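Okay, handing you the structure first.
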Amino acid sequence: RVFTDADLIFQEGIARKLLKLKQEKGWKVVFLPEEESAYNTLFPTEGRTKFGLDPIDGSLVYARGHKTYCHIASVFQDERLEGVLTHTPIDGRTYYATRKGAEIWHQKEKRIEKRRYQIPNGNNIVISLDAPEEIASELRRKDIQVMLFGTDSMDERIETNSILRGEIGGF
């Protein structure tokens, strides 16, 4: 696990925006960020609406200078996941999904273009954090390439969010 200043800077920027919404609109939200920060104590610890944030998913990749990291935000209402937003700097796209469907947003000629999104068919590559060897062996017998996260078997340019672009078939 790697922690960078960028994780905290990004997270605290989002926290400031949420606090502004809280002040202007009376929006009460439980903030569930990945990193520890003094801002975290400024939010209620219980409530119907929860906002989760991983400021830099793939901090190690980010720290090594690659662009395959992403930013992930999620909203829960009454303990149910209502929506997730993932921004991937490598392609400048934002993937947005709710119970009603998914969209992909990207900037085109100074405007945001939106279109319906479906995860593309992947390939035979899967990423695993800790698959037991018997499962990894079974996958390999079925011609599935298993890359173990954080080891030399994995191309460091590939991340979990690579599934959004069809670069991997699963995680």
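The values are calculated or read from the model by the stated rules, or taken from the named source; none is laboratory data. Predicted, not measured: the structure shown is a model, and the values here were computed from it. Ideal geometry is used to build each Cβ from the backbone, glycine not excepted, and the neighbour counts take in all protein chains shown. Only protein heavy atoms, including side chains, enter the accessible area calculation; ligands, DNA and RNA are left aside. Shrake-Rupley method; radii C 1.70, N 1.55, O 1.52, S 1.80 Å.
Provide, in order from the shortest bin, the percent of all Cα-Cα pairs of segment 1-93 in each 10 Å bin, continuing until the bin that contains the maximum pair distance.
Values per bin, smallest distances first: 16, 46, 30, 8, 0.
Here's something else I'd like to know. Would you mind getting me the FRET efficiency between Glu79 and Glu133? Use the beta-carbon distance for r and R0 = 35 Å, nearest 0.05. Don't jump to the answer; show the numbers that get you there.
Details: r = 36 Å, r/R0 = 1.02.
After rounding to 0.05, the efficiency reads 0.45.
Just subtract the alpha-carbon distance of Thr41 and Gln107 from 0.36 nm times their residue separation and send over the number in nm, one decimal. Before the final figure, lay out the partial values.
On the way: separation 66, 0.36 × 66 = 23.76 nm, distance 3.48 nm.
Residue separation times 0.36 nm, minus the Cα-Cα distance, leaves 20.3 nm.
Looking at the square roots a ≥ b ≥ c of the eigenvalues of the Cα gyration tensor of segment 56-107, which shape do they give, rounded for a/c under 1.5, prolate if a/b is larger than b/c, or oblate?
Taking the square roots of the gyration eigenvalues as a ≥ b ≥ c, segment 56-107 is oblate.
Something else now. Using heavy-atom solvent-accessible surface (probe 1.4 Å) with all chains present, what is the largest-first order of Tyr95, Tyr62? Spell out each step's value before the answer.
Numbers: Tyr95 15, Tyr62 80 Å².
I get Tyr62, Tyr95, largest accessible area first.
Still on this structure: Label segment 16-58 by shape, choosing from rounded, prolate and oblate, from the square roots a ≥ b ≥ c of the eigenvalues of the Cα gyration tensor; if a/c is under 1.5 it is rounded, and otherwise prolate applies when a/b is larger than b/c, oblate when it is not. Mind dumping the intermediate values first?
Numbers: a/c = 1.81, a/b = 1.65, b/c = 1.10.
Because a/c hits 1.5 or more and a/b exceeds b/c, segment 16-58 counts as prolate.
Please check which bits of segment 94-131 a label hung off Met154 would reach, taking the label as a point 7 Å along Cα-to-C-beta and the cut-off as backbone N under 13 Å.
Flagged as within label range: 126-131.
Still on this model: For the chain, give the percent of accessible area contributed by carbon and sulfur heavy atoms, probe 1.4 Å, rounded to a whole number. Kindly include the intermediate steps, with their values, before the conclusion.
Values: 5700 of 10950 Å².
Answer for the chain is 52 percent, counting heavy atoms of protein chains only.
Mind checking segment 76-105 for GluC sites (Glu not before Pro) that DSSP puts in a loop (not H, G, I, E or B) and that have at most 10 other Cβ atoms within 10 Å? Intermediate results must be reported in sequence, preceding the final value.
Values: sites: Glu79, Glu82, Glu103; in loops: Glu79.
Those that pass, being in a loop and sparsely packed, are Glu79.
Using heavy-atom solvent-accessible surface (probe 1.4 Å) with all chains present, what is the largest-first order of Phe51, Phe3? Mind showing how you got there, number by number?
On the way: Phe51 30, Phe3 105 Å².
The residues order as Phe3, Phe51, largest area first.
Let me ask another. With every protein chain kept in the model, how would you rank Asp54, Asp78, Asp7, Asp155 by accessible area, 1.4 Å probe, largest at the top?
On the way: Asp54 25, Asp78 75, Asp7 0, Asp155 50 Å².
Heavy-atom accessible area, descending, gives Asp78, Asp155, Asp54, Asp7.
So what is the calculated 222 nm ellipticity per residue for the chain, using -39500 (n - 2.57) for each DSSP H run with n of 4 or more, over all residues, to the nearest 500 deg cm²/dmol? Provide the component values of the computation, followed by the final result.
Details: 3 runs with 35 residues, N = 171.
Helix contribution divided over all residues of the chain: -6500 deg cm²/dmol.
Write down the accessible area per residue of the chain in Å², having rolled a 1.4 Å probe over the full set of protein chains.
On the way: 10950 Å² over 171 residues.
Averaged over the residues of the chain, the accessible area is 64 Å².
When a/c reaches 1.5 or more, the comparison of a/b and b/c decides; with that in mind, is the chain rounded, prolate or oblate per its Cα gyration tensor?
Working: a/c = 1.84, a/b = 1.59, b/c = 1.16.
Prolate shape, in that a/c is at least 1.5 and a/b is the bigger ratio.
What angle, in degrees between 0 and 90 and rounded to the nearest 10, separates the Cα long axis of helix 5-25 from the longest principal axis of the Cα atoms of the chain?
40 degrees
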